[in-house]
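Asker: Can you keep this structure in mind? I'll have questions shortly.
The values are calculated or read from the model by the stated rules, or taken from the named source; none is laboratory data. Please read all numbers here as calculations on a predicted model, not as lab measurements. All Cβ positions, even for glycine, are placed from backbone atoms using ideal geometry, and neighbour counts span all protein chains on display. Heavy atoms of the whole protein, side chains included, go into the accessibility calculation; ligands, DNA and RNA do not. Shrake-Rupley method; radii C 1.70, N 1.55, O 1.52, S 1.80 Å.
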Amino acid sequence: RGRGSDLLAVMGHEVLVDGCFNADPHPGNILYLAETEQLGLIDYGQCKRLAPEPRRAIAELMVKVADDAPAAEVAAAFRRVGVRTEKGGDEFLSKLARLMFGRVTLEMLEPKWHRELHRSDKVVHFPPDLLMVHRVALILRGLSVALRYNLAVAEVWRPFAAGLLEGEER
């Protein structure tokens with residue numbers, strides 16, 4: 001998995017454990033320290049803090065997507081985060097969540113798949129807390145794909161999400 005998953009894991013820790021994260025992890029804000037084989041993160045000028053409840057809801061969503069849960073379960077978790085659509089359909093919400101945080105599949109590379117998805121329903125509310133989390137996921141996924149890694153954000157973040165959820169159950 002390499003450095004891409006290391007960076008993704010650091011961001012998962014920031015989002016789900018710390019509740020405060022760098023919302024701008026583009027390549028200009030990432031250093032690779034070759035001598036020590038470490039990552040250096042700079043420029044925390046655009047940070048986002050997450051309150052416990054939205055963080056917990058995002059953690060639930062990550063676990064459902066990572067575990068490839070049934071569409072109804074993924075959709076319910078997406079709704080708990082605060083995403084609302086015109087029709088509220090499970091299939092649309094599930095596909096959208098997997099598109100945002102799951103592994104890129106071949107069908108997702110087809111423009112027809114996106115046209116059909118967005119014809120089936122429309123997002124009417126996207127919560128601000130999730131917006132910056134998705135921004136981070138999108139930047140890091142784009143970077144990983146450019147480096148020829150198909151990393152699923154939800155899979156890498158799952159241990160942090162599960163730890164948060166298990167900690168609340170105790």
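Asker: Can you pull the one-decimal nm distance between simple spin-label points at residue 105 and residue 148, each 7 Å off the Cα toward Cβ?
Answerer: With each label placed 7 Å out from Cα toward Cβ, I get 2.5 nm.
Asker: Okay, moving on. Could you tell me how many cubic angstrom of Cα convex hull volume the chain has per residue?
Answerer: Working: hull volume 20.1 nm³, N = 170.
Hull volume over Cα atoms, normalised by residue count, gives 118 Å³.
Asker: Say each of residue 13 and residue 37 gets a label point 7 Å from the Cα, pointing the same way as Cα to Cβ; how far apart are those two points in nm?
Answerer: 1.7 nm
Asker: Report, to the nearest 10°, how far helix 153-169 tilts away from the longest principal axis of the Cα atoms in the chain, using its own Cα long axis and a range of 0 to 90°.
Answerer: Taking the Cα atoms of the chain, the angle to 153-169 is about 80 degrees.
Asker: For the chain, compute the number of Lys pairs whose alpha carbons are separated by less than 24 Å, excluding pairs fewer than 8 positions apart on the same chain.
Answerer: Pairs that pass both the separation and distance tests number 10.
Asker: Helix 71-81 versus the longest principal axis of the chain: what angle, 0 to 90°, nearest 10, using Cα atoms?
Answerer: 70 degrees
Asker: I would also like to ask the following. For the chain, which whole percent of the accessible surface, found with a 1.4 angstrom probe, sits on carbon and sulfur atoms? Walk me through the intermediate numbers first.
Answerer: Values: 4880 of 8990 Å².
Summing carbon and sulfur atoms, their accessible area is 54 percent of the total for the chain.
Asker: What dipole magnitude, in Debye to the nearest 20, does the chain give about its Cα centre under +1 on Lys/Arg Cβ and -1 on Asp/Glu Cβ? Before the final figure, lay out each step's value.
Answerer: Working: 23 positive and 24 negative charges, 103 e Å.
Dipole magnitude for the chain comes out near 500 debye.
Asker: Kindly rank 44-56, 133-145 from highest to lowest mean number of other beta carbons found within 10 Å of each residue.
Answerer: Going by the mean number of other Cβ atoms within 10 Å, highest first, we get 133-145, 44-56.
Asker: Moving on to the next point. How much length is gained on full extension from residue 112 to residue 131, taking 0.36 nm per residue of separation minus their Cα-Cα distance?
Answerer: 4.3 nm
Asker: A further question follows. Pop out the Kirkwood hydrodynamic radius of the stretch 9-87 from its pairwise C-alpha distances, inverse of mean 1/r, in Å to one decimal.
Answerer: On the way: mean 1/r = 0.0690 Å⁻¹.
Result for the stretch 9-87, one decimal place: 14.5 Å.
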